[in-house]
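Accompanying notes for the structure given below.
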Amino acid sequence: MRVGSDCYSCLLEQGRRVLRLCTADGKKMRSVEQFLATRYSQEAVPALLGTELYWFLRELTGRRDPFSSVKYRANTTALRVLPAAREMVSSSPDRFAAAVRAAIAGNLMDFAVYGENTCEEVLRKALHEDPVIDHTSHFGALVEGGKNVLYLLDNAGEIVLDMLLIEELQRRGSTVTAAVKSEPVFNDATLEDARQVGLDRMCRVITTGDMVGVDLRRASAEFVREVERAELVVAKGQGHFETLDEYTEKPLVFLLRAKCASVAEVLGVPRGSGVVLVRNI
């Protein structure tokens, strides 16, 4: 996916949020503006440009992980919601569809986009919202009988609700490998987050690199092997949609909230919509 009309202003705002977490020096924002002005083009992929911005901000501020406390609070909030979400799934006549809804609700947890952590009340309500694009039945059919599933995780906090869908995939006989970031990048989940919420006790957890979404040209040999081994890739969040939208080599399921106008326009849905989109079957 290439940049849309709102991507430049969104990236600028993400830069401001990082600086607010790191420093009171307002002059550094001018450096962010100059950086984006030299990198931005209509052919840019938003997630990859966002990655370059984060790397620049890391050098500019000297802070490796400015979102560390934000991510910890997001994980803690989601863990408080987890019992209600698990009850919703276990009591549903269609456990799999309920777990998919829970995973999409988790995608609301995105401090980098919203500038604040999503509260428990909003998460609990979102658990019951149906996706606007809903290929859940196709997704369920793909994993009937079990598959080797590579599950690309997105944000801290969000990964707690992904655990419910991972459990349902395992109930259907699938072997799930979850992938987080190897280094901090915005509020994306890392191995530290996976350990905090107990994901590493549910399934194997590997890393994709330190970029928003994935770029197979820059990924480690281990991760590329996992992609090749997988029979199905589940990709959470806008960053993975932006970087894998043109991927055609194997079945792929996108699970996300269309949180920005550009992604919503590409998908043809209202902004804020939940999406379960199956590709390449």
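Descriptive notes on the structure:
- Pick from region 177-208, criterion small (Gly, Ala, Ser) and in contact with an Asp or Glu (Cβ under 6 Å, 6 or more places away or on another chain), ranking: modelled with the highest pLDDT: ALA194
- Of all residues in region 207-251 being in contact with a Gly (Cβ under 7 Å, 6 or more places away or on another chain) and either outside the structural domain of ASP188 (by TED's automatic domain parsing) or among the polar types (S, T, N, Q) (or both), the one that is farthest from VAL263 (Cα to Cα): SER220
- If the condition is being of a type in the set (Gly, Ala, Ser), more than 30 Å from THR248 (Cα to Cα) and outside any helix (DSSP H, G or I), then region 1-30 contributes ALA24, GLY26.
Results for (1) exposed (fewer than 15 other Cβ atoms within 10 Å of the Cβ); (2) touching a helix residue (DSSP H, G or I) at 6+ places or on another chain (Cβ under 7 Å); (3) aromatic (Phe, Trp, Tyr); (4) touching a residue at least 24 places away in the same chain (Cβ under 8 Å), shown as yes or no for each residue.
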site: GLY15; (1), (2), (3), (4): no, yes, no, yes
site: ARG30; (1), (2), (3), (4): yes, no, no, no
site: ALA37; (1), (2), (3), (4): yes, no, no, no
site: PRO46; (1), (2), (3), (4): no, yes, no, yes
site: PHE56; (1), (2), (3), (4): no, yes, yes, yes
site: SER68; (1), (2), (3), (4): no, no, no, yes
site: ALA78; (1), (2), (3), (4): no, yes, no, yes
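- Among the residues making up region 203-230, those that are free of Cβ contacts under 8 Å to residues at least 40 places away in the same chain and surrounded by fewer than 16 Cβ atoms within 10 Å (Cβ to Cβ) are ARG204, LEU216, ARG217, ARG218, SER220, ALA221, GLU222, VAL224, ARG225, GLU228.
- Single residue of region 231-243 satisfying the filter (among the hydrophobic types (A, V, I, L, M, F, W, C) and within 16 Å of VAL180 (Cα to Cα)) that is surrounded by the most Cβ atoms within 10 Å (Cβ to Cβ): VAL234
- Criterion applied to ARG101, ARG172 was being under 22 Å from LYS250 (Cα atoms), touching a Gly at 6+ places or on another chain (Cβ under 8 Å), touching a residue at least 24 places away in the same chain (Cβ under 8 Å) and not acidic (Asp, Glu), and the one residue passing it is ARG172.
- Candidates in region 109-140 are the residues that are in contact with a helix residue (DSSP H, G or I) (Cβ under 6 Å, 6 or more places away or on another chain) and aliphatic (A, V, I, L, M); of these, the one that is modelled with the lowest pLDDT is ALA112.
The values are calculated or read from the model by the stated rules, or taken from the named source; none is laboratory data. Source: prediction; values computed, not measured. Note: ideal-geometry Cβ built from the backbone for every residue, glycine included; neighbour counts use all protein chains shown.
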